[in-house]
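Notes follow the structure.
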Amino acid sequence: MDIGVIVKAALDVNVLRSEADGRISIENIPLVLSEYDRNAIYEASKISESTGGKVYIYSLLTWGPMDRKMRDFENVIREALALGGEEAFVVADKSIHYSEPMFTSEVLSRLIKKFGSPKLILSGEASTDMTSSTVAPYLAAKLNYNIVTYVKEMSLKNGYIEVLRDADEKLERLKIPLPSVVSVTGEINSPKLPTLIQIRRAFRKPLHRLELSDIDLSPVFSRYEDYRVVTIKRKNILLEDESLENVADKLIDHLIQEGVLKI
Amino acid sequence: MKVLAVLDNPKYIPDIHGFLEKAGFSESTLYAVSNFDIPDGFDKVIRVDDVSSDVLVRMGDELDGFDIYIAPHTKKSLEALSYYAGYRGIPIATEIIDYIVEEKKIVRNILSGRGIVSYRVATPIALTIAPGKFKGSISRTPEVIHNDVKPTPSLISIEEKSFGGVDIENAEVVVGVGRGFRDKDDLNIAFELAKILGGEVGCSRPIAADYHWLDEDRWIGISGKKVRGKLYIAIGVSGAPQHIMAANDTRVIVAVNKDKNAPIFEYADYGVVADLYKFIPIFIDKLKRRLDV
Ligand SMILES: Cc1cc2nc3c(=O)[nH]c(=O)nc-3n(C[C@H](O)[C@H](O)[C@H](O)COP(=O)(O)OP(=O)(O)OC[C@H]3O[C@@H](n4cnc5c(N)ncnc54)[C@H](O)[C@@H]3O)c2cc1C
């Protein structure tokens, strides 16, 4: 059975760039594969190994400007292919500077309907940069598929999937008929790093780059919102000494001085 | 303005009311669709069996015509409301942490807590509200109606999670443990330290979600609990933004990590570069002597 995975080239939260006035400079932050998308791809390739069928990767470049982000975007898609995807359909359109969840879902639903239409679509529980967790269910509605989110275990049965989903205070074991969109948690599996051979093979896998007009959408010309860094005001004092006894004493002295420890 | 709240747990009603009050919508027409009885706080309550995505969609016209669709940012409500927004084709903004009254802007975190964005939204809109950020109370006696739309039967079984009932969000001192600990039993030294300091033990996501060494109510991070007391001591935690940004409101942060280059030190007031297995017992010993306990 064919499976689709939606993936995001997310802003790398470990490489924050900002201006002196605290404005985040999106243009200068590199894009990386959103962390939990790895789990989704890995799960899809595990299932497809046992059932046959293809793993499709769907994505769109959500952060512009395109000329600054295209190389990172392609690397992310190649990585997704190395991790288990077999063919990718992606939209990169210079009119998109920022795509919000509603538009992202619209684009993905059109891609999925037009290319492959797999009956099972996987995604990560949240993207690392925006963490909205809303695209999977929003997309499911657009596709008229069932939805189940925060899945910690899943297995494919005949025409349905059985999942264990996190429902905050409890866990629910559910039987969800296909077609369905499923978002998976970071704990569902432990993805392996791609091997060199997988990485090399990824460059030969088909990657179809499309524009909005290819999926019958008009240019969007969105703009960035006002993104600001959260200030971190810390003293950053490293306590170093040959003797850990002395370090412990120094730390206790500091904590007393700070008024957080009372002797 | 007409507001529809989607609720699957009574404990979040003050959060929803709090947001509406702050955003100036407390005089609006307020409806709720919920799977429990609500005696107060709404003009109309539509009781259903479950507030799942399929139930909302099947309710049809009954849910049409609202300006704001609002729910707490919990896993099930988020799923149901997002699906409904997709079905109706209206925009959605999730995990709202604040509302700027003068500018009429909603606020949410981005970049795993390292950034913040505020913006205006147009109605109709769907919103999910981060728990614990707003608190309010609106009093109305609702008309209650029942809608017996059935959810697609999908439940096989329910498994309860175990919770020890600790409240690290309101603890003054939290000792946080990460994957630097090699074994569940080794966490004892963290519990001993927390006890001496009169605090609670918290943990990184893998300790709760992967290893299940501790209950999830101790999980600190953007997908767990926020800590905001006077002292947070992170031990064997690398300092991923998804973890440490949830401690950013703590007054003093201490980090113990054997890797000098661990990101946690950038987020700490005091850093100790040491093997936790060597340092923590010494630290405990010194504390005991100096605190005379
Ligand atoms: C969308 C999303 C949401 C997430 N939400 C959360 C969240 O809510 N909370 C959360 O915690 N994480 C969250 N994460 C995961 C996060 O990115 C990190 O993977 C996680 O926080 C790492 O946990 P850790 O620091 O315990 O482990 P590691 O990153 O493995 O760090 C272990 C540290 O221990 C140190 N160490 C090892 N041995 C010793 C020793 N003997 N003495 C001293 N130090 C030692 C190492 O140097 C290392 O720095 C999320 C990730 C994503 C993508």
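For the stretch B:187-209, residues that are of a type in the set (Lys, Arg) and within 16 Å of the ligand (Cβ to nearest atom) total 1. Name the residue that is surrounded by the fewest Cβ atoms within 10 Å (Cβ to Cβ), counting only residues in the stretch A:71-96 that are out of contact with any Lys or Arg (no Cβ under 9 Å at 6 or more places or on another chain) and not β-branched (Val, Ile, Thr). Step by step, filter the stretch A:71-96, then rank; the result is A:ARG71.
Against the numbered list (1) more than 9 Å from chain B (Cβ to nearest Cβ); (2) open to solvent by less than 30 Å² (accessible area, probe 1.4 Å); (3) in contact with a Phe, Trp or Tyr (Cβ under 7 Å, 6 or more places away or on another chain), A:ILE215 comes up short only at (3).
Any residue at all in the stretch A:134-148 that's in contact with a strand residue (DSSP E or B) (Cβ under 6 Å, 6 or more places away or on another chain) and more than 22 Å from B:VAL57 (Cβ to Cβ)? Scanning the stretch A:134-148, I find no residue that is in contact with a strand residue (DSSP E or B) (Cβ under 6 Å, 6 or more places away or on another chain) and more than 22 Å from B:VAL57 (Cβ to Cβ), so the answer is no. Which one is nearest to the ligand (Cβ to nearest atom), of the residues in the stretch A:118-139 that are closer than 17 Å to A:GLU187 by Cβ and in a strand (DSSP E or B)? Filtering first and then ranking leaves A:GLY124. If the condition is being more than 7 Å from the ligand (Cβ to nearest atom) and either in contact with a Cys (Cβ under 7 Å, 6 or more places away or on another chain) or in a loop (DSSP other than H, G, I, E, B) (or both), then the stretch B:215-238 contributes B:ASP215, B:ARG218, B:LYS226, B:VAL227, B:ARG228, B:GLY229, B:LYS230. Selection of first residues in the stretch A:234-263 that are facing another protein chain (nearest Cβ under 7 Å) and of second residues that are open to solvent by 40 Å² or more (accessible area, probe 1.4 Å) and not in a helix (DSSP H, G or I), restricted to Cβ pairs under 6 Å at least 6 apart or on distinct chains, gives the following pairs, ordered by first then second residue: A:VAL247/A:ASP241; A:VAL260/B:LYS230.
Every listed requirement among (1) more than 9 Å from chain B (Cβ to nearest Cβ); (2) in a strand (DSSP E or B) is met by A:ARG201 save one, (2). The condition of being open to solvent by less than 70 Å² (accessible area, probe 1.4 Å) and of a type in the set (Lys, Arg) does not hold for B:LYS150.
Comparison of A:LYS142, A:LYS157, A:LYS94, A:LYS113 shows that the only residue that is within 7 Å of chain B (Cβ to nearest Cβ) and away from the ligand (no atom under 16 Å from the Cβ) is A:LYS142. Could you list, in sequence order, the residues of the stretch B:60-70 that are modelled with pLDDT under 95 and surrounded by 15 or more Cβ atoms within 10 Å (Cβ to Cβ)? Of everything in the stretch B:60-70, just one residue is modelled with pLDDT under 95 and surrounded by 15 or more Cβ atoms within 10 Å (Cβ to Cβ), namely B:GLU62. Checking each residue in the stretch B:119-137 for being under 15 Å from B:PRO14 (Cα atoms), open to solvent by less than 20 Å² (accessible area, probe 1.4 Å) and touching a strand residue (DSSP E or B) at 6+ places or on another chain (Cβ under 7 Å) picks out B:THR128, B:ILE129, B:ALA130.
When B:PHE134, B:PHE181 are screened for being over 29 Å from B:LYS2 (Cβ atoms) and outside any strand (DSSP E or B), only B:PHE181 passes.
Kindly indicate which of B:ILE244, B:ILE282 is facing another protein chain (nearest Cβ under 7 Å) and either more than 8 Å from the ligand (Cβ to nearest atom) or not aromatic (Phe, Trp, Tyr) (or both). The match here is B:ILE282. Taken over the stretch B:247-261, residues that are more than 7 Å from the ligand (Cβ to nearest atom), touching a strand residue (DSSP E or B) at 6+ places or on another chain (Cβ under 8 Å) and open to solvent by 40 Å² or more (accessible area, probe 1.4 Å) amount to 2. In this entry, B:GLU95 passes the filter for residues that are surrounded by 21 or more Cβ atoms within 10 Å (Cβ to Cβ), of a type in the set (D, E, K, R) and on the phi > 0 side of the Ramachandran plot. In this entry, B:TYR267 is excluded by the filter for residues that are open to solvent by 30 Å² or more (accessible area, probe 1.4 Å) and in contact (Cβ under 8 Å) with a residue 24 or more places away in the chain.
When A:ASN39, A:ASN14 are checked against the criterion of being in a helix (DSSP H, G or I), over 23 Å from A:PHE221 (Cβ atoms) and within 14 Å of chain B (Cβ to nearest Cβ), a single residue qualifies: A:ASN39. Determine whether B:LYS260 is in a helix (DSSP H, G or I) and of a type in the set (D, E, K, R). For B:LYS260, the condition - in a helix (DSSP H, G or I) and of a type in the set (D, E, K, R) - is not met.
The values are calculated or read from the model by the stated rules, or taken from the named source; none is laboratory data. All figures in this text were calculated on a predicted structure; none of them were measured in a lab. Please note: Cβ atoms are built from the backbone with ideal geometry, for glycine as well, and neighbour counts cover all protein chains shown. Remember, those area values only see protein heavy atoms, side chains included, never the ligands or the DNA or RNA. Shrake-Rupley method; radii C 1.70, N 1.55, O 1.52, S 1.80 Å.
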